[in-house]
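First comes the structure, then the notes that go with it.
What follows is calculated from the coordinates using simple rules that are stated; it is not laboratory data. A quick note: this is a predicted structure, and the numbers were derived from the prediction, not measured. Glycine also receives a Cβ, built like all others from the backbone with ideal geometry; neighbour counts cover every protein chain displayed.
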Amino acid sequence: MVNLDSEDLSQLITLLKDLPELRNERLRLQFLELAGLNSISSRIDLSGATQTTIYEIISFLSRYGRWTYDNEALGLFLNTVKGYVGVQQQEFLDLLLKKYSMMTPIAAAPDIDQWKGNEITGNVLEKIIGENTLRPVAFLKKGLEVAQAVSYVRVRTTQKWWSGTGFLVAHDLLLTNNHVLPDPDLLEDTIFCFNYEEDFQGQAQTIEEYHAKFKGIFYTNPHLDYTLIQLEGAPGRTWGYISLQPKSVNNGDRVNIIQHPLGQPKQVSLQNNFVQYVNSDIVQYITSTLEGSSGSPVLNDDWEAIALHRAGGDIPEPDTQRHYFRNEGVLINRILADLPPHFRDLVDSTVNR
């Protein structure tokens, strides 16, 4: 995700609004295709007035975040623009690309030793290339079972609305971020949607909506960025739940995240996602997430929750204060330690049911 400051955003819009290649819908679509972004162009309204549409394009690409490990989506767009503007404008675009690290790799790919293998044909027909990513088919089955407990969270006020993700940790308890649901006064107009997903053909499945229990449990910690909420109707009896138990987390571990990015139907980021940093409170990892993914469970390869996802982008590593393009979650161990005993017992008591 790219967070342009107001001055940079204003200058960028001024530069782009007079670009002939962006003067109408057809040309804007062609330009996005030229930048290699055609697969998401249908999700942007390109039909409006030029200045309004430019703002929409920048906003969407900024929120979209990483297109690849090497490039931000907005970075690809601006890098293409450089070929259609003068030297001074190119210098400004280069400044933005560098300032917001839009074309900087997140992490280098690991070296593969002995890549040539053995010259004897019988020895090279089947090989593990790099790290072994083979998993039993049951890995997918278990992931689908766990995914049922993940919920889309829509929060609405009289002035605006936003979305996040949450997951059941007991039959009637859901965990999400404090920044998704910071105040119990928001619960009246908040819905929790389960089965908000599509089948393999892209067909929407039947959604079931739940609400917070009237005067039910609501416990939040802004510092650790988590909120525990009691739902009416015990949805966990239908959709299951993800038990919260202390788990070890180490650099290099794989993680999987089940989420509702940008408020979209449920999606999963798995396998090529590695832990890059861990301390007593948080874990940082390389994964694919977007706005709306906040509150998702970060799961290990046994589909056990190790963290609550909360942030992503150019974030500091606590020990060194160096900035890296990573995602970040609060460790489940830390949340369990922080929960008041009577709430922690409600979570722990679900484990053997």
So for the stretch 246-253 (the condition being under 20 Å from ASP172 (Cβ atoms) and assigned to a loop (DSSP other than H, G, I, E, B)), does at least one residue qualify? no
Among THR206, THR289, which is the only one that is of a type outside the set (D, E, K, R) and surrounded by fewer than 19 Cβ atoms within 10 Å (Cβ to Cβ)? THR206
Go through the stretch 3-74 and tell me which helices (runs of 4 or more DSSP H), entirely inside it, have 3 or more residues that are touching a residue at least 12 places away in the same chain (Cβ under 8 Å) and under 30 Å from PHE274 (Cβ atoms). 50-64
What's the number of the only condition in (1) out of contact with any helix residue (DSSP H, G or I) (no Cβ under 6 Å at 6 or more places or on another chain); (2) closer than 20 Å to TYR84 by Cα; (3) not polar (S, T, N, Q) that LEU15 fails to meet? (1)
Looking at GLU197, GLU188, GLU209 in this structure, which one is within 29 Å of LEU331 (Cβ to Cβ), charged (D, E, K, R) and out of contact with any Gly (no Cβ under 9 Å at 6 or more places or on another chain)? GLU197
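Kindly provide the set of residues from the stretch 1-43 that are of a type in the set (Ser, Thr, Tyr) and either in contact with a Phe, Trp or Tyr (Cβ under 8 Å, 6 or more places away or on another chain) or surrounded by 14 or more Cβ atoms within 10 Å (Cβ to Cβ) (or both), ordered by number.
Once the filter is applied, which keeps residues that are of a type in the set (Ser, Thr, Tyr) and either in contact with a Phe, Trp or Tyr (Cβ under 8 Å, 6 or more places away or on another chain) or surrounded by 14 or more Cβ atoms within 10 Å (Cβ to Cβ) (or both), the stretch 1-43 yields only SER41.
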(1) surrounded by fewer than 16 Cβ atoms within 10 Å (Cβ to Cβ); (2) under 21 Å from the mean Cα position of the chain (by Cα); (3) of a type in the set (D, E, K, R): which one isn't true of ASP345, the others all being true? (2)
Listed by first then second residue, the pairs whose first member lies in the stretch 184-203 and is on the phi > 0 side of the Ramachandran plot, whose partner is surrounded by fewer than 19 Cβ atoms within 10 Å (Cβ to Cβ) and outside any strand (DSSP E or B), with beta carbons under 7 Å and at least 6 positions apart or on separate chains, are ASN195/GLN205; ASN195/THR206; ASN195/ILE207
Can you pull out the residues in the stretch 14-58 that are aliphatic (A, V, I, L, M) and either under 27 Å from the mean Cα position of the chain (by Cα) or closer than 28 Å to SER294 by Cα (or both)? LEU29, LEU32, LEU34, ALA35, LEU37, ILE40, ILE44, LEU46, ILE54, ILE57, ILE58
Note on the stretch 229-245: residues under 22 Å from the mean Cα position of the chain (by Cα) and either over 23 Å from PRO261 (Cβ atoms) or part of a loop (DSSP other than H, G, I, E, B) (or both) are TYR241, ILE242, SER243, LEU244
